[in-house]
1. Across segment 334-348, what is the total count of residues that are open to solvent by less than 80 Å² (accessible area, probe 1.4 Å) and assigned to a helix (DSSP H, G or I)?
2. Filter segment 404-441 for residues that are open to solvent by 10 Å² or more (accessible area, probe 1.4 Å) and among the aliphatic types (A, V, I, L, M) and give the result.
3. For segment 97-114, give me each residue that is free of Cβ contacts under 8 Å to residues at least 40 places away in the same chain and open to solvent by 30 Å² or more (accessible area, probe 1.4 Å).
4. Among what's in segment 295-342 and is among the small types (Gly, Ala, Ser) and within 33 Å of the chain's Cα centre (by Cα), pick the residue that is modelled with the lowest pLDDT.
5. Scan segment 30-45 for residues that are more than 24 Å from LEU166 (Cα to Cα) and in contact (Cβ under 8 Å) with a residue 24 or more places away in the chain and report the count.
6. Given the criteria closer than 17 Å to ASP176 by Cβ and either surrounded by fewer than 20 Cβ atoms within 10 Å (Cβ to Cβ) or touching a Lys or Arg at 6+ places or on another chain (Cβ under 6 Å) (or both), does ARG252 qualify?
7. Just for segment 23-50: of the residues that are under 29 Å from the mean Cα position of the chain (by Cα) and in a loop (DSSP other than H, G, I, E, B), which one is nearest to TYR187 (Cα to Cα)?
8. Looking at ASN65, is it in contact with a Cys (Cβ under 7 Å, 6 or more places away or on another chain) and open to solvent by 20 Å² or more (accessible area, probe 1.4 Å)?
Amino acid sequence: MDISPLQKARYEYQPKLPGMLRNGVAEICVKEGAETASVADQDKIKALFPNTYGKKEITFEKGTNTSVAKKQVVGVILSGGQAPGGHNVITGLYDALKAADKSNVLLGFKGGPDGLLKNDFVEFDDDFIDSYRNTGGFDIIGSGRTKLETEEQFAIVTENAKKNGLTAIVIIGGDDSNTNAATLAEYMAANNTGVQVIGCPKTIDGDLKNEDIEASFGFDTATKTYSEVIGNIERDANSAKKYWHFIKVMGRSASHVALECALETQPNICLIGEEVKAKNMSLAQITNYIADSVEKRAANGDNFGVAIIPEGIVEFVPEFSALIAEINELLAGEKTEAFNALPDWQAKYDFIKTGLSASAFAVFDLLPVGIQQQLFLERDPHGNVQVSLIESEKLFSELVKNELAKRKAAGTYKGKFSALHHFFGYEGRCAFPSNFDADYCYSLGYNAFMLIQYGYTGYLSKVSNISKSADEWVAGGMPITKMMNIERRNGADKPVIRKALVELDGKPFKYFEANRDKWAVETCFTYPGAIQYFGPSEVCDRTTVTLALEQG
């Protein structure tokens, strides 16, 4: 099959490892640190994970390998949405396995957790692995979103592990997937199966991080991919000088992607969901904030601009969340059929007006008709509003348009407003990983094998000090239970990894906050350009602005 010159070159790229992992598997020893405790709800988490809770953090160092030699048969899965670099976690794991002992085996279970349940796998060899090195996507074995959380599932996985002689399972995924990894590790330990479970931190949303995990893989590549296109749009906006571009980017639960893209490109507007929630901002307040920028720029003769909107922004607006809750109640059970039987939108509108509280209806009435109808037409299997389907970029451009019409009628605004809309999501999930993600992911995979070799289970592969050059990176592991707390999910208390939201007192947000008023009025666009794979290290190996600011 023909391949592009870049694809061929990426196959040949040699990822950089942390200094202590470069000496070869035989010269890596382990240093144990302090015992750990969960981030919250310590007694409850400890009771749920008696065999894997409170374990020590560990760091790998240069020294004699003191692990007990044995043949390893390791299973690996990709779980959840795609993120650039997943293939390199697998290739790093494979290379470490084979460096320790050529007879070691790596099995890739297909379609995510389903592969473990169905015993559907492929055995990797050199040729197979070589054709996926440093490439984007999860197509090497596919992925899936099945949750591993029931005793029945664990029993099936255990039986399939026994059939294949598995000594360990590596789960590459986000917060939910690694919560499942922790639960599976506890089951395996409690039942003396001898099967270790190791996790690797993945998510382009950037919300799987804490004091130990400095970044989840894929975030670097995805945000650089989005920032390239946003920079291109900014250049176009400044050339044509007649459009406001409203750009929605990935990020349901946190606004890390939006913030990083803003730091990279310096748009006129970037909404941060965590700030909206903290300040209890209403739709009207957000609308006025954007409209003020449009008006001030128009006064300077600039009838164009760029606004970045995080995907989950409306879920952070308190009054909108209250509206959604009332709509779900309004159409609960058989009420949906009665509503759908109404002859036209006006009849449905009257039904809604009667059924909602005055405060909720005031919010509803502020929305464009298309969004109003979407709230009642798009339902999930449980009958609830599918908030993720709301086109928030169109919502806010329409609200701003209506507000500007009022200002024009009042004589305070004399500009022209034309909006264009974009959503950047899938474009970044399977991009060729940046050098940073290629190196980081390869290191995570290589490091995962070291955790296996030294007998650890219920641990997350950890590579830190990653804002520095790779030779200064530090490899090790941390118990997954350290990241966990209890949250209410589907009417029950569940142990889950705590999501990391944008910290409003953190350095990245503070830098953004200090500059955004200027960006809102002046044209301060910056143009990151395409990801560079060859050239000076300061261009090719640079981290995200977020990580650089966080780590100083």
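1. 6
2. Selection gives ALA405, ALA409, ALA410, ALA419, LEU420, ALA431.
3. Those that are free of Cβ contacts under 8 Å to residues at least 40 places away in the same chain and open to solvent by 30 Å² or more (accessible area, probe 1.4 Å): LYS98, ASP101, LYS102, SER103, LYS110, ASP114.
4. The first filter runs over segment 295-342 and keeps only residues among the small types (Gly, Ala, Ser), leaving 298-299, 301, 305, 307, 312, 321-322, 325, 332-333, 338, 341.
Now narrow it down to the ones that are within 33 Å of the chain's Cα centre (by Cα): 305, 307, 312, 321-322, 325, 332.
Values: GLY305: 98, ALA307: 98, GLY312: 88, SER321: 87, ALA322: 91, ALA325: 87, ALA332: 80.
By that ranking, first place goes to ALA332.
5. Just the residues of segment 30-45 that are more than 24 Å from LEU166 (Cα to Cα), to begin with: 31-45.
With in contact (Cβ under 8 Å) with a residue 24 or more places away in the chain added as a condition, the list becomes 31-33, 36-41, 44-45.
The total comes to 11.
6. Values: closer than 17 Å to ASP176 by Cβ: yes; either surrounded by fewer than 20 Cβ atoms within 10 Å (Cβ to Cβ) or touching a Lys or Arg at 6+ places or on another chain (Cβ under 6 Å) (or both): yes.
Spelling it out, ARG252 is indeed closer than 17 Å to ASP176 by Cβ and either surrounded by fewer than 20 Cβ atoms within 10 Å (Cβ to Cβ) or touching a Lys or Arg at 6+ places or on another chain (Cβ under 6 Å) (or both).
7. PHE49
8. Values: in contact with a Cys (Cβ under 7 Å, 6 or more places away or on another chain): yes; open to solvent by 20 Å² or more (accessible area, probe 1.4 Å): yes.
Against the criterion (in contact with a Cys (Cβ under 7 Å, 6 or more places away or on another chain) and open to solvent by 20 Å² or more (accessible area, probe 1.4 Å)), ASN65 qualifies.
The values are calculated or read from the model by the stated rules, or taken from the named source; none is laboratory data. Computed from a predicted structure; not experimentally measured. Virtual Cβ from ideal backbone geometry, glycine too; neighbours counted across all protein chains shown. Note: areas computed on protein heavy atoms with side chains; ligands, DNA, RNA excluded. Shrake-Rupley method; radii C 1.70, N 1.55, O 1.52, S 1.80 Å.
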